[in-house]
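Down below is the structure, laid out as structure tokens.
The values are calculated or read from the model by the stated rules, or taken from the named source; none is laboratory data. Please read these numbers as outputs of a predicted model, since none were measured by experiment. Here the Cβ positions follow ideal geometry from the backbone for every residue, glycine too, while neighbour counts run over all protein chains shown. In case anyone asks, the SASA skips ligands and DNA or RNA and just uses the protein heavy atoms, side chains included. Shrake-Rupley method; radii C 1.70, N 1.55, O 1.52, S 1.80 Å.
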Amino acid sequence: MSNILERAMMELVHNEPFFANLLLNMTRTYDHKIPTIGVNVTDTVNLIINPYFWNSLKLEEQVDILKHECYHVIHNHFARFAELEPQVYSTKPEDMTQEQRIEAMGKATDLNIGGDYAINEYLPNLPKKFKTFDKDGKPNKGQDGKVAQHAPCLVKDLKKQAKQHNISCDHYKNTEYYYDVIKQLKKEDPNSGQNGDGQGQTTIDDHSVWATGSQDSEYITEKVKQVVGKAVEASGGREAGNIPGNVLVAIDALNHKPKDWRSDLRRFVARTSEVFVEASRKRRNRRYGTM
């Protein structure tokens, strides 16, 4: 384990062992090219960290950002996002017109932000503002030439925007819910949300690294199930009290197998068409003929 992760990992080991065990099942690498932090799935689940970004954070912020990455894995956002917007995540950019690419980028941004809204509800110690860094360790600047200060996506801020347009927005909902709120807001006010210069809310991690991993949803889901299952086992199982309730709900959703109604229908029809023959000593009625 790298020294720069040691303090945050020890906090999780002592206080939230499930997250620590999940992180221990990831391959951890350091890359100055990524602006902050990210996670993706290849032959393993990978945690990728910019050391400059990491060292700019307080300990409690580091802990919550590690948990943020864990939540992306637990909720299997890699595969779910491809299901929500297949035309965005499954179509190659070179096969799109420029107009289609711009639309796809907008949808991807809104969906990514919706995912972060859902996750960040459970992370009270995220930094109120954070910087991104280039490969030389210098903070990136906004369009005004000043160091860009980014804010993580918080539902309380989305709720304020929604209220201005009489749009319903509640706390502790899922990605799909917040994605829908964002789309409603964009219809009312195309300029709502992100302004692109580092002054608005944005994802605290780099979701673009997802594209450098596997694009096979079934493969990704199996890999995610494996690492989450190992973390559950290492934490003493579901009944040990080491896994938060909201995480258990997400794990149930991850492992849920849709019911095959066609198979149920076939069994029902087979049962209703069965013929039962009951033996009797009575003489057969002659009107039915003889054998």
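Starting from the stretch 230-246, keep only residues that are touching a residue at least 40 places away in the same chain (Cβ under 8 Å), then list their pairs with residues that are open to solvent by 50 Å² or more (accessible area, probe 1.4 Å) and of a type in the set (Gly, Ala, Ser) whose Cβ atoms are within a distance under 8 Å, requiring at least 6 positions of separation or different chains.
Filtered contacts from the stretch 230-246: Asn242/Gly236.
Are any of the residues in the stretch 135-158 in a helix (DSSP H, G or I) and open to solvent by 20 Å² or more (accessible area, probe 1.4 Å)?
Scanning the stretch 135-158, I find at least one residue that is in a helix (DSSP H, G or I) and open to solvent by 20 Å² or more (accessible area, probe 1.4 Å), so the answer is yes.
Select from the stretch 221-248 the residues that are of a type in the set (A, V, I, L, M, F, W, C) and at pLDDT 95 or above and list them in ascending order.
Val224, Val227, Val228, Ala231, Val232, Ala234, Ile243, Val247, Leu248
Restricting the search to the stretch 1-25, which residues are within 22 Å of Gly236 (Cβ to Cβ), more than 22 Å from the chain's Cα centre (by Cα) and among the acidic types (Asp, Glu)?
Passing the criteria: only Glu11.
Residue check, Ile113 against (1) assigned to a loop (DSSP other than H, G, I, E, B); (2) in contact (Cβ under 8 Å) with a residue 12 or more places away in the chain; (3) of a type outside the set (Ser, Thr, Tyr), all met but one. Which one?
Evaluating Ile113 over (1) assigned to a loop (DSSP other than H, G, I, E, B); (2) in contact (Cβ under 8 Å) with a residue 12 or more places away in the chain; (3) of a type outside the set (Ser, Thr, Tyr) leaves (1) as the failure.
State the number of residues belonging to the stretch 27-56 that are closer than 28 Å to Gly241 by Cα, of a type outside the set (Ser, Thr, Tyr) and open to solvent by 10 Å² or more (accessible area, probe 1.4 Å).
2
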